[in-house]
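First the structure, in the form of structure tokens, and then the observations on it.
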Amino acid sequence: MTGLVLTGGLVACPLTGAVTVRDVILRDGVISADAAGLPRRDISGQMVIAGLVNAHTHGHANLNKGVADRWPLEFSLTSGGWMAAGRDAQMVYDSTLLGAWDMLSKGVTAVYDLAVGMPAPDPDHLAAVAQAYADAGLRAVIAPMVADIGFADSIPGLVETLPPEIAASLSTAPQDPEALLTRIDKGMGFALPEGITWGLAPTIPHQCSEAFLRGAADLARRRGWRLHMHVAESRLQAEVARQLWGGSPVDRLESLGILGPDFTAGHAIWLGARDFATLARHGASVAHIPASNQRLGAGVAPVQMMREAGLTPGLATDGANSSDAMNTFEAMRHATNLSRLSETTRDHWIDAATAYGMATQGGAACMGLAPSTLRPGAPADLTILSLDTLAFTPLNDPVVQMVTAETGSSVTSVFVAGREVLTDGQPRFDTRALRARIARHMPALEAARADQRAAAEAALPHIQQFLDTRPKPDLGFTRTLPMDPS
Ligand SMILES: [Zn+2]
């Protein structure tokens with residue numbers, strides 16, 4: 001029997017946002033009502049919150065912080081090859097562990113990692129990703145991103161507009177769907193450490209042929225893996241869906257039988273009320289990724305529309321190349337603030353308690369986890385915040401201040417399944433050694449991917465030209481803010 005009683009602290013209910021002083025009893029990995037025989041820890045002056053869930057990130061991107069200043073999504077996709085290239089399993093492990101450290105120090109207990117899996121998942125690399133999360137003590141779904149069509153070839157008309165040498169560097173022959181599915185199945189054919197499960201991420205609808213997407217969903221369901229896709233992340237993606245299939249990406253996914261309670265739509269910006277109703281009807285979930293959406297100029301996801309359809313979106317940071325900070329407190333802050341930018345009434349604004357529920361209950365739904373409710377029977381996944389910090393001085397409304405002012409610097413402890421995996425702000429692995437290894441990796445990594453990076457950078461002006469000059473059909477709605485030109 002293992003356990004601990006946290007006593008004397010405030011407890012913020014993730015279901016209501018209500019804050020009370022009460023004991024929180026951790027026993028055998030879950031929250032319990034029975035404190036008998038357990039040691040006690042006085043946490044007066046601190047606050048217990050449910051463990052935060054990062055519902056969409058990319059562990060391989062943690063070595064790419066700062067590479068993308070003014071990149072729209074399509075620059076990121078053009079650069080996807082070099083950003084994941086040139087790594088051995090140790091680099092993959094260290095990249096993932098760096099993100100795990102970042103997220104733990106921001107109060108995260110569970111992570112949905114869309115790890116790179118192209119051209120096909122590498123079992124050694126996936127094992128390194130899993131080991132990093134296991135060593136950090138985080139729960140994780142590891143979903144390799146897969147596709148049988150390259151980015152440039154998936155956009156109608158793009159390759160034709162490129163100079164021949166640029167087209168040759170970006171265009172790739174499509175993979176054979178059956179052969180790729182076999183490689184995926186083999187690459188993921190090993191058991192994962194406790195607390196870590198598989199997902200599969202056919203990355204973007206139009207980068208997947210019908211045969212591949214149907215096969216991938218079928219494989220995932222036979223194996224009990226969850227499914228996660230980037231859906232309507234940019235205006236161009238919504239346009240391409242109309243061009244290819246005469247509807248939205250959600251229409252396409254529904255028609256192929258891809259949607260279900262195991263399915264998460266990441267970003268979900270350029271969708272309408274009908275799409276969210278479809279997702280809700282199939283019991284699917286949505287990962288709202290507001291920092292990345294802003295950083296990439298992708299638009300504002302209509303969170304209130306999702307909620308009115310009956311969805312409870314999870315919150316996410318995305319990978320470190322498109323949000324840089326792996327901060328779920330910031331995700332809550334962005335979610336509340338962005339909901340107020342459209343011309344709508346105040347009752348449509350996301351309040352702090354709702355954002356806290358999205359970051360916990362919504363994220364758990366994306367990952368297929370039992371939600372951390374801090375009530376008896378729930379998993380003992382929780383974070384302790386010091387209230388003796390600037391964010392909480394003076395202490396007027398702890399949940400509002402957590403959402404509007406907290407940066408992560410108040411996080412003292414994190415528990416996952418009742419085990420303390422961050423203590424006094426320190427994870428249980430050697431962070432100094434990790435930083436030293438990363439410093440050693442970077443010159444080798446830069447050298448190994450230099451040619452691929454140069455080729456992608458040469459293509460970016462042409463991608464920009466395509467984006468700027470393509471005819472933009474009227475979608476009937478917008479997800480960027482209209483500004484009066486006067
Ligand atoms: Zn992503």
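Here Ile258 fulfils each of the conditions (1) closer than 20 Å to Ala201 by Cα; (2) within 15 Å of the ligand (Cβ to nearest atom); (3) touching a helix residue (DSSP H, G or I) at 6+ places or on another chain (Cβ under 6 Å) apart from (2). Taken as a whole, the condition of being in a helix (DSSP H, G or I), closer than 20 Å to Asp351 by Cβ and of a type in the set (D, E, K, R) does not apply to Arg252. Just one of (1) in contact (Cβ under 8 Å) with a residue 60 or more places away in the chain; (2) on the phi < 0 side of the Ramachandran plot; (3) more than 15 Å from the ligand (Cβ to nearest atom) fails for Ser322. It is (3).
Look through region 181-226, keep the residues that are within 16 Å of the ligand (Cβ to nearest atom) and assigned to a helix (DSSP H, G or I), and return whichever of them is farthest from Ile155 (Cα to Cα). Across region 181-226, the extreme among qualifying residues is Pro205.
Of the residues that make up region 376-386, is at least one within 16 Å of the ligand (Cβ to nearest atom) and surrounded by 24 or more Cβ atoms within 10 Å (Cβ to Cβ)? No, region 376-386 contains no residue that is within 16 Å of the ligand (Cβ to nearest atom) and surrounded by 24 or more Cβ atoms within 10 Å (Cβ to Cβ). Among the residues making up region 265-312, those that are more than 15 Å from the ligand (Cβ to nearest atom), under 19 Å from Phe477 (Cβ atoms) and in contact with a strand residue (DSSP E or B) (Cβ under 8 Å, 6 or more places away or on another chain) are Leu271, Phe276, Leu279, Val303, Met306, Leu311. Contact map, region 56-74: first residue over 21 Å from Ala331 (Cβ atoms), second residue away from the ligand (no atom under 14 Å from the Cβ) and among the polar types (S, T, N, Q), Cβ cut-off under 6 Å, separation 6 or more or different chains; pairs are Leu63/Ser95. For region 105-120, the candidate set comprises residues that are of a type outside the set (A, V, I, L, M, F, W, C), away from the ligand (no atom under 13 Å from the Cβ) and more than 19 Å from Trp82 (Cβ to Cβ); within that set, the residue that is surrounded by the fewest Cβ atoms within 10 Å (Cβ to Cβ) is Ser105.
With respect to the stated conditions, Asp381 is in contact (Cβ under 8 Å) with a residue 40 or more places away in the chain and in contact with a Phe, Trp or Tyr (Cβ under 7 Å, 6 or more places away or on another chain). When residues in region 242-257 are screened for being surrounded by fewer than 24 Cβ atoms within 10 Å (Cβ to Cβ) and either in contact with a His (Cβ under 8 Å, 6 or more places away or on another chain) or in contact (Cβ under 8 Å) with a residue 24 or more places away in the chain (or both), 9 of them pass.
The criterion of at least 1 residues that are closer than 22 Å to Asp42 by Cα is met by the following helices (runs of 4 or more DSSP H) wholly inside region 332-436: 398-404.
None of the figures in this text is laboratory data; all of them are computed from the coordinates on show. Given the structure is predicted, the values throughout are model-derived calculations rather than measurements. Quick reminder, even Gly has a Cβ in these numbers, built from the backbone with ideal geometry, and neighbours come from all protein chains shown.
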